Amino acid sequence: MRRSSQLRALLQRGIVLAPGVYNALFAKTVEHMGFDAIYVTGFGTAARYGYPDVGLITQTEMVQNLRHICQATTIPVIADADTGYGNVINVARTVREYERAGVAGFHLEDQVFPKKCGFMEGKAVIPLDEHMQKIRAALDARNDPDTVVIARTDALAPNGWEDALARARAYREAGADLVFVDGIRTTEELEIYSRELALQGIPCLYNGGLVTAEAAGRMGFKIQILAGLALGAVYESATEAMQELNSSGTTRQTAARYGPPGEGESVNDLLGVPEVYALEQRYDASGEEELVP
């Protein structure tokens with residue numbers, strides 16, 4: 001079954017929880033831990049390359065990252081497609097490239113270019129009708145009809161709830177499989193999102209961890225992503241380790257907390273080193289008799 005079809009089947013069963021990652025290693029971790037789907041963050045991908053999430057990452061750089069992540073995993077990957085990286089023509093190419101990379105679904109946002117992270121200040125959105133055309137272009141560009149197209153609006157922060165809700169409803173009418181109001185910061189905002197859209201029969205994605213996935217499902221949401229989960233955890237733990245080394249010259253506390261590399265279930269196990277050893281033994285020619293002319 002194609003991963004897009006897997007994702008649609010998951011959506012029929014209940015809420016899909018997709019932890020956010022920014023590289024193939026942590027994507028493999030998500031799958032190894034038993035989650036059903038992976039979310040690939042644009043913010044995290046930009047950080048991976050050393051840039052802020054302000055429209056500096058190109059479509060080709062994002063696709064390259066997605067390709068590695070999809071090749072390293074087998075479960076559905078939901079990806080950030082930013083603004084589509086241009087106009088409707090760029091959107092069409094983005095959809096084709098994302099499908100070739102192996103993604104099961106993606107969200108397309110209505111910010112002006114260059115965009116900003118959904119929780120940054122200073123965002124602005126394009127006209128509603130313009131983004132509806134982008135959604136239609138994305139739908140028409142699909143080679144796989146099961147690829148899940150999610151229409152995101154960033155209108156909440158700059159324009160308020162009235163415009164955000166109007167846009168979400170219009171994007172659904174344009175054919176989007178799900179809608180996504182980004183920038184939800186409080187439980188009160190989440191309840192409005194739920195009451196006005198998710199519980200009104202409009203399939204919605206929620207980005208955040210204000211409630212559990214079980215609670216989000218009861219609120220009517222179909223997908224919950226935690227976009228910055230891996231990036232935030234790695235940044236904090238790596239910074240702590242560097243601070244210890246810089247201040248004391250040792251990493252004793254870090255080693256005590258995480259254990260020496262290679263002990264127990266390690267990164268090497270996740271990356272498949274035992275399988276490499278097995279293949280080396282299987283095809284080892286060192287024990288063959290020497291041919292005599």
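General observations
- Index of the failed condition, residue 240 passing every other in (1) at pLDDT below 85; (2) surrounded by 12 or more Cβ atoms within 10 Å (Cβ to Cβ): (1)
- Residues satisfying the stated conditions in segment 62-104, i.e. under 13 Å from residue 24 (Cβ atoms), among the polar types (S, T, N, Q) and more than 12 Å from the chain's Cα centre (by Cα): 64, 71, 73, 74
- Single condition residue 121 does not satisfy, out of (1) at pLDDT below 95; (2) assigned to a strand (DSSP E or B): (2)
- Those residues of segment 131-158 which are in a helix (DSSP H, G or I) and closer than 26 Å to residue 100 by Cβ, in sequence order: 131, 132, 133, 134, 135, 136, 137, 138, 139, 140, 141
- Within the option set 47, 92, being touching a residue at least 60 places away in the same chain (Cβ under 8 Å), surrounded by 15 or more Cβ atoms within 10 Å (Cβ to Cβ) and farther than 16 Å from residue 152 by Cα holds for one residue only, 47.
Condition check ((1) modelled with pLDDT under 80; (2) of a type outside the set (Phe, Trp, Tyr); (3) exposed (fewer than 10 other Cβ atoms within 10 Å of the Cβ)) across all residues:
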| position | (1), (2), (3) |
| --- | --- |
| 248 | no, yes, no |
| 272 | no, yes, no |
| 281 | no, yes, yes |
| 288 | yes, yes, yes |
| 293 | yes, yes, yes |
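- For segment 250-270, the candidate set comprises residues that are acidic (Asp, Glu) and exposed (fewer than 11 other Cβ atoms within 10 Å of the Cβ); within that set, the residue that is modelled with the lowest pLDDT is 263.
The values are calculated or read from the model by the stated rules, or taken from the named source; none is laboratory data. Here the structure is a predicted model, which means the values were calculated and not measured. Glycine also receives a Cβ, built like all others from the backbone with ideal geometry; neighbour counts cover every protein chain displayed.
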